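Let me begin by presenting the structure, written as structure tokens, before commenting on it.
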Amino acid sequence: MNGLSQLFPTWPLAPSGLFWIGLALVGAGLAGEICRLYLRLPRIVGYAVAGLLAGALGRPIVDGTMIGQTRILIDMALAFALFELGHRLSLTWLRANRWLLFTSAGESLLTWGLVTATLQWMGVGPTVAILAGGIAVSTSPTIVLQLKNELRAEGQVTERLLAMAALNSIYAAVIVQLATGWLHSEYGNIGAALLHPLYLLMGSALLAWVVGKLSHAIYGRLASDDGYSFLVLVGMVLFTLALTRLFKLSVPLTLILAGVLFKHQDNQPRVWPAHFGSVGSLLIIVMVVSLGLPLTINDWAIGGVAAIVLVLLRHLAKLAGVMALGSFSGLSMRQCMALGVALGPMSGLAWLLMSDVVRLYPNTGQLLTAIILCALAIEQIAAPVLASWALRYAGEVRPTGGTR
């Protein structure tokens, strides 16, 4: 010890990034409760607003290092949500009701095609337009699960929403991986254009198979009613996330497919443990707040108009696709409308797909980043409100749950 200065705080005080992140989370929690109690809106809207305000007002404090440190928290939130969503996806149901699969594929193809074509017409380059259109296909697994739990929604629309959110996540990941291969070819790397998408798709499927089998072998031998045994499954999800990052595979494909395989190892249906709810909800708050931090005025200048067009077209395409095909799967027109509107949320998965492209090609990713960040700023506020209304319109929200 060199002196008393080591024993007492120095002046002026210089709080670390953890201080500001903690302060933002406190503000997010309060904003969420204000939305629920006074504005009759989902809590997640308050979280998004808090993140955007923290990013705008704290720009001198929020630097690249702080934003980068939140990446692992976003990855963890998505990992839990994707695995849970995969666990909820019933292949038996899809085989019995193939029109559900056709409806999902149809609205996703319409979304991708409409957004891609319109952005190209506006002057956006083909590769960026294709990537943005692929990302627009996604439906946020984190927001969908958060709304279901908060509103205590149950019913045909809710179950189809969860299934289609899982399928849309798969479609979006595959489209972005294939488009990334095209991006490799534009930069003259033909070998990577051929091998990289194949490695991502095949490697992610193989890792998901191994994890699904291993998770069931371990967890199936533990008492399912023992809360502590569930820590093993939490550890497996985090271990899978680490392996996915280690081998540079696709996080959404690996985690969703692992959840699907884990579920279908059992002959008897397994009730999804409630423990992911509290763990996942905390990480979702962190994720939603963190996604508002990087957005700047410059992003709005670069990609704001394209983002607004993307948001409007993806909502229109999803609604039109479900309205056209949803009745064949047994839904009424009212339920089709509710489902089409509820598919709107876009959040962390879109950011993850975008950031993986930017990591490989920063120059190409500048416009894509601006478009997606601006679109997320809109969707994280507007889409949960619309989805909440849609579930109420379908009559699937319990009176005592969610916003009152």
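The values are calculated or read from the model by the stated rules, or taken from the named source; none is laboratory data. Everything numeric in this text was worked out from a predicted model, so none of it was measured. Cβ sites come from the backbone with ideal geometry, for glycine too, and all protein chains shown count toward neighbours.
Please determine whether any residue of segment 94-115 is touching a Pro at 6+ places or on another chain (Cβ under 7 Å), small (Gly, Ala, Ser), within 26 Å of Gly395 (Cα to Cα) and touching a residue at least 24 places away in the same chain (Cβ under 8 Å). Taking every residue of segment 94-115 in turn, none turns out to be touching a Pro at 6+ places or on another chain (Cβ under 7 Å), small (Gly, Ala, Ser), within 26 Å of Gly395 (Cα to Cα) and touching a residue at least 24 places away in the same chain (Cβ under 8 Å).
I'd like to check something: does segment 319-327 contain any residue that is surrounded by fewer than 24 Cβ atoms within 10 Å (Cβ to Cβ), within 20 Å of Trp112 (Cα to Cα) and either of a type in the set (S, T, N, Q) or within 14 Å of the chain's Cα centre (by Cα) (or both)? No. Considering only residues in segment 154-170 that are surrounded by 24 or more Cβ atoms within 10 Å (Cβ to Cβ) and polar (S, T, N, Q), the one that is nearest to Gly340 (Cα to Cα) turns out to be Asn168.
Would you check if Trp121 is aromatic (Phe, Trp, Tyr), surrounded by fewer than 22 Cβ atoms within 10 Å (Cβ to Cβ) and modelled with pLDDT under 95? No: the conditions fail for Trp121.
Scanning segment 264-306 for residues that are outside any loop (DSSP other than H, G, I, E, B), touching a helix residue (DSSP H, G or I) at 6+ places or on another chain (Cβ under 8 Å) and modelled with pLDDT under 80 yields a count of 7. If the condition is being over 24 Å from the mean Cα position of the chain (by Cα) and either free of Cβ contacts under 8 Å to residues at least 40 places away in the same chain or at negative phi (or both), then segment 328-362 contributes Phe328, Ser329, Leu331, Ser332, Met333, Arg334.
Scanning segment 76-90 for residues that are surrounded by fewer than 22 Cβ atoms within 10 Å (Cβ to Cβ) and under 15 Å from Val289 (Cβ atoms) returns a single hit, Met76.
Here is a yes/no grid of residues against (1) at pLDDT 95 or above; (2) buried (at least 23 other Cβ atoms within 10 Å of the Cβ):
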position	(1), (2)
Met337	yes, no
Ala342	yes, yes
Trp351	no, yes
Val357	no, yes
Tyr361	no, no
Ala375	yes, yes
Val385	yes, no
Ala390	yes, yes
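So in segment 289-327, with the set limited to residues that are in contact (Cβ under 8 Å) with a residue 60 or more places away in the chain and polar (S, T, N, Q), which one is farthest from Gly123 (Cα to Cα)? In this case the residue turns out to be Ser290.
Of all residues in segment 340-356, those satisfying the criterion of being under 19 Å from Gly292 (Cα atoms) and among the hydrophobic types (A, V, I, L, M, F, W, C) are Met346, Leu349, Ala350, Trp351, Leu352, Leu353, Met354.
On the stretch given as segment 140-167, residues that are charged (D, E, K, R) and under 16 Å from Glu107 (Cβ atoms) total 1. For segment 91-99, state whether one or more residues are crowded, with 19+ Cβ neighbours inside 10 Å and either assigned to a helix (DSSP H, G or I) or not acidic (Asp, Glu) (or both). Among the residues of segment 91-99, not one is crowded, with 19+ Cβ neighbours inside 10 Å and either assigned to a helix (DSSP H, G or I) or not acidic (Asp, Glu) (or both), which makes the answer no. Taking residues in segment 46-63 that are modelled with pLDDT under 70, and partners anywhere that are assigned to a helix (DSSP H, G or I) and surrounded by 22 or more Cβ atoms within 10 Å (Cβ to Cβ), the pairs with Cβ atoms closer than 8 Å and at least 6 places apart or on different chains are Gly58/Ala24; Val62/Ala54; Val62/Gly55. Which residue out of Gln146, Gln177 is in contact with a Pro (Cβ under 6 Å, 6 or more places away or on another chain), assigned to a helix (DSSP H, G or I) and not hydroxyl-bearing (Ser, Thr, Tyr)? Checking each option against the conditions leaves just Gln177. A count restricted to segment 215-228 and to residues that are assigned to a helix (DSSP H, G or I) and either surrounded by fewer than 16 Cβ atoms within 10 Å (Cβ to Cβ) or at pLDDT 90 or above (or both) stands at 4.
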